[in-house]
Amino acid sequence: MSPISETLDVSLMKQFSRIRVKDSTKFDIHEQLRDWLPGFRGSASAASTCMQCKFDLKSGRWLDLSLMPGNVLDSMNEFTKYDDIHKGELILHNLGYFTLELLGEIQKKGACYLSRLNVKTTMHEKLGEVLIELDFGKLYLLILRNGITRMETNVFMGKIIICQQDCPLNCCQSRSMNNV
């Protein structure tokens, strides 16, 4: 099997040392294995497993192929593997792995990522010293009206919680923002 990077003429791939794609699949297994590989129970099986797969598109090699209990969320699996993130990589994950903490770690290590945005995550743009929440509806109309095919901007993602004056704790700010 030849690496995908040899069969595709994609100049974008050349700027990354690795292009890591990660996904998983879950399936029920025999109930007798519930102590080692617990499932979600309820209407689901008492025992299930999750196969985690990580593949490097540039080299055509598997980076990880592991089994874990089916009741563990994908986002929890990646937390144990921060040391595997390297500068210059592109990391492609599905929404199940999306956490602001993981994206922050990827950024700190000098890698890039591509992930669908979780609908509960807010995006902000910095205008002067103020963070303004992005309105994707307005942004979409701007792109359509002006025939824009590509747009780059620095954004901040996360939640901003600002206590009001009547907050029982003295007026405080809690920011969970990552500059992307």
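The values are calculated or read from the model by the stated rules, or taken from the named source; none is laboratory data. Not measured: the values here are computed from a predicted model. Heads up, the Cβs are rebuilt from the backbone with ideal geometry, glycines too, and the neighbour counts pull from every protein chain shown. Just the protein is used for accessible areas: all its heavy atoms, side chains included, with ligands, DNA and RNA removed. Shrake-Rupley method; radii C 1.70, N 1.55, O 1.52, S 1.80 Å.
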- request: Considering Cα pairs under 8 angstrom that are at least six residues apart, work out the relative contact order of the stretch 13-83 and quote it in whole percent.
  value: 30
- request: Restrict the search to the stretch 49-101; then list the trypsin sites (Lys or Arg not before Pro) that DSSP places in a loop and that have at most 16 other Cβ atoms within 10 Å of their Cβ.
  value: K81, K87
message: Report the per residue volume, in Å³, of the convex hull enclosing the C-alpha atoms of the stretch 66-113.
response: 77
- prompt: Using the Karplus equation 6.51 cos²θ - 1.76 cosθ + 1.60 (θ = phi - 60°), what ³J(HN,Hα) coupling, rounded to whole Hz, does each residue of the stretch 57-73 give in order, writing x for Gly and Pro?
  reply: 5, 6, 8, x, 10, 7, 9, 7, 9, 9, 9, 9, x, x, 8, 9, 5
task: Compare V130, V119 by solvent-accessible area with a 1.4 Å probe and give them largest first, with all protein chains kept in place.
output: V119, V130
Cα pair count fraction exceeding 23 Å, expressed as % - the stretch 35-163: 50
